[in-house]
Each structure stands twice: as C-alpha cells, then as structure tokens.
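For reference, the structure discussed in these notes is given below.
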Amino acid sequence: MIQKSTLDFLKRLRSNNNREWFNAHKPEYEKARSNFGDFVMYLISLVAKFDPAVAHLMPGDCMFRIYRDTRFSRDKTPYKTNFGAVLSPGGNRMKPAGYYLHIEPGCCMAGGGIYHPEPAALYRVRQKIDREFAAFRSIIAGKTFTRYFDGIEGEALVNVPRGFDRNSPAAEYLKFKDLYTMAMFTDAQVLAENFATECAKRFRAVKDLNDFFRDAI
C-alpha cells in the first residue's frame, strides 16, 4: 500500500523544489520511490488478471522519472511533485493504449486511454470511432464505465479534422487529439489498504475502451 511517508515527501518536495533540498533528502526520496514501485508491481499483478498484455511489465518499465525536462518550459523547477506510472504493452509510453496512475497530494487519479498518439495512430482511432460510433458510445455510456468516469477528456481541436464529416454523429469525439478518462481519489483513499484493488477496478472499467483503441491502432 502507499505509505503516508510517501505523500509527506511529495508535499515537502512541492514546498522545497530545488536541488539542494532534494539532494539533502535523497534517502527519503529513495524510500518513497521504492514504496511506489512496490505498489506498481502489485498493481501489475492485479491488472494482468484481466489484461494479460501488461503481465510482462516490471515497475521500471512503467514509472516516470521525477526529474522534469525544463529545456522548453518557463517553469524551471527541477522535479515533478508526483509519482506516475503507465501500464501498457509499451510500458510508460501509453502505447497503443494503457492505464495511468498519478499520485500527488490533493490530486491523485487513475484511468486510461490514449495520450499524445502519433498522427497515423490517431487517424486510425478517429476512423474507427467514426465507423463504429455505436460501439464506441456503448462503451463510454455503459454502466461499468460511468460508475467511475464522467466521460472522455483530452486536448481537442476546435473543428472536426479534415477528412471527416463535420455532421458525423461522432463529430465531437473526432476533434480529440487525446482520448482518456480519469477518476479522482482523496489522499485518504490512496492511503487505504484497498487502494490497489480500487485502482484495478477503475482500470478494469476502462479496459473495453483501451481494447477499442488497440484494435484500431
């Protein structure tokens, strides 16, 4: 389970996001990262029961580095203030579609879908949504999905992309450049003994959507 000390470290990092503080508290970081890695390993075992495509993964395949890439960002703080992981056949690359876990004090979430797909992959997803909109709509309107999620999120275009009918029933979904969904958790829920099970439930609820995308890609 996620330890309180892990959230506490992230809270303190948010208030002390500089290399001097981080280096002075490196053992605390290593302990927190190890805790998150153990949690991810257990979560993989749960998800593999309904999605064997992730069974080969190890935590190192899934987890993101805590170091931020500041080269093209106005925000020059050197560290992320969260632990994140993606469970997908491609590891943490969210390819072809996967499950995402984000642990950050006050902003913890779990969900899945596709994020920043390559243009060719996104085009094939759009084609499938347009061609099989009834099936797509049945997934995101189904009881299993709506029990945990409010709909599709992601960056979107203003207009329907070129090559698709602007009057298509699927028009609003064809505008999306990312297609994912997320469920939020409180810090108390994250620290509970059943958090891994609850994450797995959300991932199970998004599996049909991931399968739809993987079939397209």
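Odds and ends about this structure:
- Spin-label model distance (nm) - residue 131 vs residue 64, 7 Å beyond Cα toward Cβ: 3.2 nm
- The phi-based Karplus calculation (6.51 cos²θ - 1.76 cosθ + 1.60; θ = phi - 60°) puts the 3J(HN,Hα) values of the range 52-66 at x, 5, 9, 5, 7, 6, 10, x, x, 6, 9, 7, 8, 5, 7 Hz, whole numbers, x for Gly and Pro.
- Prolate/oblate/rounded call for the range 69-217, Cα gyration tensor, a/c under 1.5 rounded: oblate
- Theoretical FRET efficiency, 1/(1+(r/R0)^6), r = Cβ-Cβ of residue 34 and residue 201, R0 22 Å, to 0.05: 0.30
- Centre separation in Å (Cα based) which lies between the range 1-27 and the range 66-99: 18 Å
- The phi torsions of the range 77-92, fed into the Karplus equation with coefficients 6.51, -1.76 and 1.60 and a -60° offset, translate into couplings of 4, x, 10, 6, 10, 8, 10, x, 8, 10, 9, 8, x, x, x, 8 Hz, rounded to whole numbers, with Gly and Pro shown as x.
- The charge dipole of the chain, taken about its Cα centre with unit charges on the Cβ of Lys, Arg, Asp and Glu (plus for the first two, minus for the last two), comes to roughly 360 debye.
- Segment residue 118..residue 3, full-extension length gain: 37.8 nm, with 0.36 nm per residue of separation and the alpha-carbon distance subtracted.
- Annotation: amide H of residue 153 within the under-5 Å range of 180, 181, sequence separation 5 or more or interchain, hydrogens built in the peptide plane.
- Sequence ranges 180-186, 93-99, ranked by mean other-Cβ count within 10 angstrom, highest first: 93-99, 180-186
- From most to least packed by mean Cβ count within 10 Å, the peptides 103-110, 69-76 give 103-110, 69-76.
- Whether the range 57-156 is rounded, prolate or oblate, judged on the alpha carbon gyration tensor where a/c under 1.5 counts as rounded: prolate
- Hits among lysines - C-alpha to C-alpha of residue 31 under 20 Å, sequence gap 8 or more where chains match: 4, 11, 80
- Extension gain from residue 147 to residue 193, taking 0.36 nm per residue of separation minus the Cα-Cα distance: 14.4 nm
- Residue-averaged 222 nm ellipticity for the chain, from DSSP H runs of 4+ at -39500 (n - 2.57), nearest 500: -13500 deg cm²/dmol
- Across the cross-link table entries 76/175; 95/175; 49/175; 26/177, which are compared at the Cα atoms, the separations over 27 Å belong to 76/175; 49/175; 26/177.
- Computing FRET efficiency as 1/(1 + (r/R0)^6) for residue 25 and residue 162, where r is the C-beta to C-beta distance and R0 is 41 Å, gives about 0.20.
The numbers here are math on the coordinates, done by the rules we state, and not lab data. None of these values were measured; they are calculated from a predicted model. Glycine also receives a Cβ, built like all others from the backbone with ideal geometry; neighbour counts cover every protein chain displayed.
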